[in-house]
Amino acid sequence: MSSARPRLAPETPKMVTAWDTATGRTVYMTPSREWSVNIADGAVLVGAAADDALAFAASDEGRATDPYVMQVSPLGEIDGREIIRETIRAVGPTNHPMFGKQAGNP
Amino acid sequence: MPLIKGGAPVSCSRRFFADEETPPDPNDAIVSLGRLVAAGGDVFRSVRLMPADDPLALAPHIRRLDLIEIAFPGFRDGRGFSAAQLLRRRLGYTGELRAVGQVLRDQVFFMARSGFDAFLIDDPHAEEIVAAALSEFTVAYQSAADDTRTIWERRWNARPAHTRRDDR
Amino acid sequence: MYRYDEFDEALVRERAAQFRGQVARRLSGALKEDAFKPLRLMNGVYLQLHAYMLRVAIPYGQLDPAKLRQLAMIADRYDKGYGHFTTRQNIQYNWIRLADMPDVLDALADVEMHAIQTSGNCIRNVTSDHLAGAAADEIEDPRPWCEIIRQWSTLHPEFSFLPRKFKIAVTAAETDRAAVRVHDIGLHIRRNGDGEIGFEVIVGGGQGRTPHVGVTIRDWIAKAELLSYLEAIMRVYNRFGRRDNKYKARIKILVNELGPEAFAEAVDTEYAAQGVHEAVLLPQGEIDRITEYFASPDLPERPARSVTFEAARAADPALDRWARVNLRRHRTPGYTSAYISLKSQGEAPGDMTGDQMRVAADIAEQFGFGDIRVAHEQDLVLPHLAIDDLPEVHRRLRDAGLAASNAGLASDLIACPGLDYCNLSNARSISVGNAIQAVFEDPEFEERVGPLHINISGCINACGHHHVGHIGVLGVDKKGEEYYQITFGGRADEKAAIGDIIGPALKGDDVAPALRRVIAAYLDLRKGPGEKFIDAYTRLGPAPFKEALYAVD
Ligand code: SF4
């Protein structure tokens, strides 16, 4: 099933993303290991730091559900094979832009 | 591991013996279906059914048995529910029917309705878990292997006699 | 319509209370997601791309004004003002917070609704003909048996942890509007040689990865035996259905691997072995009690031809078109059934706002005898309307943006939520659907093309029923790009068939232009306006349509 995420090489820049447990909203892990609905706040990680962050996320069940790493550019922009999916997760459904994040509706 | 029967913890001296083990006392041994059938006669009185086992294979032995365990390997394998119903309703088994393996709180209600009367649960709070699970629903539509009066029966009996027209 | 008594209500309330406890345990951290997931799934709660999604059961698609208004309230208060009607006659909400779920379930229980068994490996919501009780071509109303099956399957002690999900559909009309041949079990209400009414039993239909048209294992079974016979089928499936591979776990695989005859024999053996005390006997009085709820509304006598309506439609081309396309024949002269299309150009198919739901509820209350249905085509239906009232009904629908005149035509397409919402998706369904709709923007052209079912799924799970679309569109992912595989020749009706895969998948932007060429080819090739797309395809085979699909403009 396509819910299996692609494998990423250790040197590929990544961001840890998950769902907020109480609201279900898309969230990104920040450098201080908090969770933000804003992708701009997300930490860009490579190598072991990304593995550590994901392990922490998996232990943070009360706040974040089903964490995984997604591919980003070194600047934190969505990148790679799942660019459409992750853009939709970040921004909202393409058919209903008024329901996305830009509507101030996290 | 707590064994809950009739709403309370009970102890049981029987344990499962794998096919290559020799039990000191066959009366205290729970064995596989294959071993029970192979032994024939009246050697064992307890058996453990695995999900793929055919419960109807117990038909010739059913009167001698007083403990049947049904193993649940995980949440997703529901074959044990059919096995229980067949034992209780098809074969008329009246002895202890024990759920073992992954006995999960949210399946206990379905297990009880399917005919299980004992639950082996790997949790110190097993007693409360079973009590809570069995009190969550006070109504059920279908007849099953337990003695719940179904909604269909209750509705029917709640009606004044002159409106009953059960012509079957 | 069925009304809950204290027992039905108790069960739904108890289930809502149980889930409140489970959600509290999850939010407090006492339950981990791994343990919580199967529990939330048993209550229709999924975690989708953006948020938790709640799928609410609408048994056999039956609504009334109070229910629809409550659905509107939930959309406005707990969601973002809209809901999505599905091919399972259910409604899904896309944005509900987990913390709010228990309150939503309570609000549903207030109007005799629930989310029980809308997901998980259990017997799902029973579906039926959306024109039941109104259609001119049905033997009798199938809804009482749908309700009986709903009750029988609710928290079934033996069949709640099946190898895979299980879908049952019931129809009673020769024209099958409930797609019973592509369900795990399809029940077709029929008369036997003695004129007695019973059920033809069809098993093993289904879509997804390995689509199958179901096979009849019993030509006819008496009503009194139905539930016991269903238990026999379910038991054979529960015991012998495959559990080693999720993709091979549906009953269609078991039926296919055993062969239909051997499967039927296994069911018959199990059925014959049932003792009297095992039979599921429903007292006749209980059947009567349930049936009474579905008595036809009291339809005052009306002239078969309505002068008011004829005059209004002569003066208003929009009303005329809507009436020509969206109405279906009612069994009572002077009445009609009308589609409320949820497929306006550019909208997400099946989506409806809270305000629109209230408009539909008001219309149903004032003109429609309080009866509203969800069709599996993701539209609503008002089954009983007096023809005299149509001008006013149409005016109100139009004012609410609900008067799209396309029922059964190309732009009335089916589309799952796809990659805009769904966590399992490969590609978007809504955007490609909107692009296809635009091909048929000119209503005269669309009417000229005639009846055409275009069904779109965002992945092989086939929630958008692409296998049984006259034209099917399936989203596939090719190295991160959205592609779409096209099938032709599927159908969901009494001549059910799985569509043929035509060739390599097309890029998203190429789908609508390619289908425009296919339609042009069809218009050229058809014998006349009476030959539908599906019939022309059946007559001519794939070649000319394939050529048009891959031609370069
Ligand atoms: S067909 Fe696939 S993409 Fe569409 S709703 Fe179903 S699972 Fe999601």
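Just so it is clear, none of the values below were taken in a lab; they were calculated from the coordinates. Because the structure is predicted, anything quoted here is derived from the model rather than measured. Neighbour counts are summed over all protein chains in view; Cβ atoms, including those assigned to glycine, are modelled from backbone coordinates with ideal geometry.
Here is how the numbers come out for the structure above:
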| item | result |
| --- | --- |
| Gyration tensor (alpha-carbon) shape descriptor, segment C:134-181, a/c threshold 1.5 | oblate |
| Net charge over other residues, Cβ less than 13 angstrom from the Cβ of B:S135 (K, R count +1; D, E count -1) | -3 |
| Residue pairs, from the table C:K80/C:K167; C:K32/C:K246; C:K167/C:K478, whose Cα atoms sit over 27 Å apart | C:K80/C:K167; C:K167/C:K478 |
| For C:L506, residues with placed amide H under 5 Å, excluding near neighbours | C:Y484, C:Q485, C:I486 |
| Derived scalar couplings ³J(HN,Hα) [segment C:400-413; Karplus, 6.51 cos²θ - 1.76 cosθ + 1.60; whole Hz; x for Gly, Pro] | 9, x, 10, 10, 3, 9, 9, 4, x, 9, 4, 7, 7, 7 |
| Value of [θ]222 nm, deg cm²/dmol, for chain A, DSSP H segments ≥ 4, -39500 (n - 2.57) each, nearest 500 | -6500 deg cm²/dmol |
| Space enclosed by the convex hull of the alpha-carbon atoms of segment C:414-549, per residue, Å³ | 96 Å³ |
| Sequence-distant lysines (8 or more away, or on other chains) whose Cα lies within less than 16 Å of C:K527 | none |
| Reachable lysines from C:K532, criterion Cα separation under 24 angstrom, eight or more residues apart if same chain | C:K343, C:K495, C:K546 |
| Amide hydrogen neighbours beyond the local backbone of C:A404, cut-off 5 Å, H modeled | C:S341 |
| Of every Cα-Cα pair in segment B:3-138, the percent that sits beyond 23 Å | 30 percent |
| Degrees separating the helix A:47-59 axis from the principal Cα axis of chain A, which is the longest one | 60 degrees |
| Per-residue [θ]222 nm for chain C (sum of -39500 (n - 2.57) over DSSP H runs n ≥ 4, rounded to 500) | -11500 deg cm²/dmol |
| Gain on full stretching of the segment that runs from C:R191 to C:D535 - 0.36 nm per residue minus C-alpha separation | 121.0 nm |
| Beta bridges per DSSP with both ends in segment C:109-211, % antiparallel, nearest 5 | 55 percent |
| HN-Hα J in Hz across segment C:483-489 - Karplus 6.51, -1.76, 1.60, θ = phi - 60°, x for Gly and Pro | 10, 9, 9, 9, 10, 10, x |
| Overall form of the protein assembly as shown per C-alpha gyration tensor (a/c, 1.5; a/b vs b/c) | oblate |
| Antiparallel bridges, percent of DSSP beta bridges restricted to segment B:3-138 (to nearest 5) | 25 percent |
| For segment C:6-109: span of alpha carbons on each principal axis (Å, largest first) | 40, 36, 24 |
| Cysteines not pairable in chain C (beta carbon separation under 4.7 Å absent) | C:C122, C:C146, C:C422, C:C459 |
| Computed lengthening from C:A35 to C:K527, 0.36 nm per intervening residue step minus Cα-Cα distance | 171.2 nm |
| Positive minus negative residues near B:D66 (Lys, Arg vs Asp, Glu; Cβ under 9 Å) | +1 |
| Among beta bridges that DSSP assigns inside the protein assembly as shown, antiparallel share in %, nearest 5 | 70 percent |
| Shape category assigned to segment A:14-100 from the gyration tensor of Cα positions, a/c cut at 1.5 | oblate |
| HN-Hα J in Hz across segment C:65-82 - Karplus 6.51, -1.76, 1.60, θ = phi - 60°, x for Gly and Pro | x, 5, 5, 5, 5, 5, 4, 5, 4, 5, 4, 6, 8, 10, 10, 9, x, 8 |
| For segment C:376-419 versus segment C:481-550, the gap between their alpha-carbon centres in whole angstrom | 25 Å |
| Value of relative contact order over chain C, rounded to a whole percent, pairs C-alpha under 8 Å and six or more apart | 13 percent |
| Neighbourhood net charge (15 Å Cβ-Cβ; Lys/Arg +1, Asp/Glu -1) for C:A72 | -3 |
| Kirkwood Rh and Cα Rg combined as Rg over Rh, evaluated for chain C | 0.95 |
| Label point distance in nm, B:A18-B:V37, each placed 7 Å from Cα along Cα→Cβ | 2.2 nm |
